[in-house]
1. Is it fair to say GLN154 is farther than 25 Å from THR129 by Cα, part of a helix (DSSP H, G or I), of a type outside the set (Asp, Glu) and not assigned by TED's automatic domain parsing to the domain that holds LEU108?
2. For segment 245-254, give me the residue count where each residue is in contact (Cβ under 8 Å) with a residue 12 or more places away in the chain and exposed (fewer than 15 other Cβ atoms within 10 Å of the Cβ).
3. Let me spell it out: the conditions are (1) out of contact with any strand residue (DSSP E or B) (no Cβ under 6 Å at 6 or more places or on another chain); (2) surrounded by 14 or more Cβ atoms within 10 Å (Cβ to Cβ), and PRO175 meets all of them except one. Which number is the exception?
4. Scan segment 9-31 and tell me whether some residue there is modelled with pLDDT under 85 and in a strand (DSSP E or B).
5. I need the full set of residues from segment 242-271 which are among the charged types (D, E, K, R) and modelled with pLDDT of 75 or more, in order please.
6. Applying the selection to segment 114-128, what residues are modelled with pLDDT under 90 and not in a loop (DSSP other than H, G, I, E, B)?
7. For segment 164-215, give me each residue that is β-branched (Val, Ile, Thr) and more than 24 Å from the chain's Cα centre (by Cα).
8. In this structure, does PRO160 turn out to be assigned by TED's automatic domain parsing to the domain that holds ARG244, in contact with a strand residue (DSSP E or B) (Cβ under 9 Å, 6 or more places away or on another chain) and outside any loop (DSSP other than H, G, I, E, B)?
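The values are calculated or read from the model by the stated rules, or taken from the named source; none is laboratory data. Note that the coordinates shown come from a computational prediction; the quantities given were computed from them, not determined experimentally. Using ideal geometry, Cβ is built from the backbone for each residue, glycine included, and neighbour counts are taken over all protein chains shown.
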Amino acid sequence: MPADWMRRLRALLPAGQGRGGRATIRRSESFYTLTGPDLELSYQLRRSSARRTLALQVREAGRIVVQAPHHTPLSEVEGFIRRHWPWLLTRLQAAAQGRREWCNGMALPWLGGPLTLNWQEDGPTVPSTGADGLQLGGAWSEAPGRVRDWYHAQAAMILPARLAIQAAQMGVAIPPLRLSDARTRWGSLSAQGRMALNWRLVMLSADLIDYVICHELAHLRQHNHSPAFWREVEILYPDYRSARVRLRREGSLALALSFAPSGEGRAVPEP
């Protein structure tokens, strides 16, 4: 299922915000099989006239993707794969074992869907979204921290906008907001009416973001979790029971994502 992250972002923001994007020139996709010394591998070849270099990625569930300039001969693509065969086997083994490690081409959680990390050493050091996902350059060891900063910047834009919408629907003033880095809580409301929202909320879908905000806004009227509190939540968010279940399941994955520096140095090592 395609990531369609731009549509989700536009739906979260007031009109006129977040409308960027890079023009697509020429693109093609095809599938091939390559026989190596140990096994036979199927891979997806994605050609683009916007690319200048080859990139090899192992994505979720062990899916192999090769990104290439538009007129790259197939023989050059397969030679590139063979030069990185040991690296590729290591990545496939990690995917088979279900380990969540930082790698080029990984699917990052973003507004309820996947956003592909597209790292190139000579790319932009500040992450930016484009047709190929989240584009990032610079030292690979710094990639996790830069992606974390990008998430935080997106949260600083999206969460206040969603809070303003929900507060208006409730008919209350927008409470002061700060972004939280809590590892066990999605939000809180102080006795003084100041709200904290976890910046990792932007990894989740819009409806879960709104549920958390409605939960905290309900505390403006009920400073506990009594039946009266949940009645307030239901007024603001009628399907809150389903949202609570989904938040436990989907939220645990977002909270578990570590941004510790990678020790591998390069996403695809030099031959």
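1. Numbers: farther than 25 Å from THR129 by Cα: no; part of a helix (DSSP H, G or I): yes; of a type outside the set (Asp, Glu): yes; not assigned by TED's automatic domain parsing to the domain that holds LEU108: yes.
Here the answer is no, as GLN154 does not meet what is asked.
2. Here is the first cut: in segment 245-254, the ones in contact (Cβ under 8 Å) with a residue 12 or more places away in the chain are 246-247, 250-251, 253-254.
Those left that are additionally exposed (fewer than 15 other Cβ atoms within 10 Å of the Cβ): 253.
Selection size over segment 245-254: 1.
3. (1)
4. Checking segment 9-31: not a single residue is modelled with pLDDT under 85 and in a strand (DSSP E or B).
5. First, the residues of segment 242-271 that are among the charged types (D, E, K, R): 244, 246, 248-250, 264, 266, 270.
If the condition is that a residue be among the charged types (D, E, K, R) and modelled with pLDDT of 75 or more, then ARG244, ARG246, ARG248, ARG249, GLU250 are the ones that fit.
6. If the condition is that a residue be modelled with pLDDT under 90 and not in a loop (DSSP other than H, G, I, E, B), then no residue fits.
7. Pass one, segment 164-215, residues β-branched (Val, Ile, Thr): 165, 172, 174, 184, 202, 209, 212-213.
Listed by number, the residues that qualify are VAL172, ILE174.
8. Working: assigned by TED's automatic domain parsing to the domain that holds ARG244: yes; in contact with a strand residue (DSSP E or B) (Cβ under 9 Å, 6 or more places away or on another chain): yes; outside any loop (DSSP other than H, G, I, E, B): yes.
Against the criterion (assigned by TED's automatic domain parsing to the domain that holds ARG244, in contact with a strand residue (DSSP E or B) (Cβ under 9 Å, 6 or more places away or on another chain) and outside any loop (DSSP other than H, G, I, E, B)), PRO160 qualifies.
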